[in-house]
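The values are calculated or read from the model by the stated rules, or taken from the named source; none is laboratory data. These numbers come from a predicted model, not from an experiment. For neighbour counting, all protein chains shown are included, and Cβ atoms are generated from backbone atoms with ideal geometry for every residue, glycine included. Each accessible area value is taken on the protein alone, full model and side chains, heavy atoms only, with ligands, DNA and RNA left out. Shrake-Rupley method; radii C 1.70, N 1.55, O 1.52, S 1.80 Å.
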Amino acid sequence: MVDPDERTAAAAYTNTARYVTRPLGPLVAAPILQVSLGAPFLVAGVIKSAYDVLLFRAFRRHPPSGLD
């Protein structure tokens with residue numbers, strides 16, 4: 001969804017967001033783990049599914065580029 005000359009900057013931006021939020025996972029999962037052993041996986045799956053649906057809805061009308 002970005003121009004070829006902007007791909008490096010876009011990758012750096014998204015990777016930074018991933019690495020900044022990565023340490024929060026265990027802090028959130030620990031209390032959820034007290035409910036059930038599989039609860040963190042269920043919560044993670046729901047969050048990932050919601051993220052995928054939101055991305056789909058945001059970009060479903062944009063034609064793919066670079067498929068020439």
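Some points to look at:
- Among the residues of region 28-43, those identified as open to solvent by 90 Å² or more (accessible area, probe 1.4 Å) and either touching a Pro at 6+ places or on another chain (Cβ under 7 Å) or not in a helix (DSSP H, G or I) (or both) are Gln34, Val35, Leu37.
- Boolean, Val46 is at pLDDT 95 or above, open to solvent by 80 Å² or more (accessible area, probe 1.4 Å) and assigned to a helix (DSSP H, G or I): yes
- In region 1-18, the residues that are modelled with pLDDT under 90 form Cβ pairs under 6 Å with partners that are part of a helix (DSSP H, G or I), at six or more places apart or across chains, as follows: Val2/Ala10.
- Looking only at residues of region 49-68 that are surrounded by 10 or more Cβ atoms within 10 Å (Cβ to Cβ) and in contact (Cβ under 8 Å) with a residue 40 or more places away in the chain, we find that the one that is nearest to Asp3 (Cα to Cα) is Ser65.
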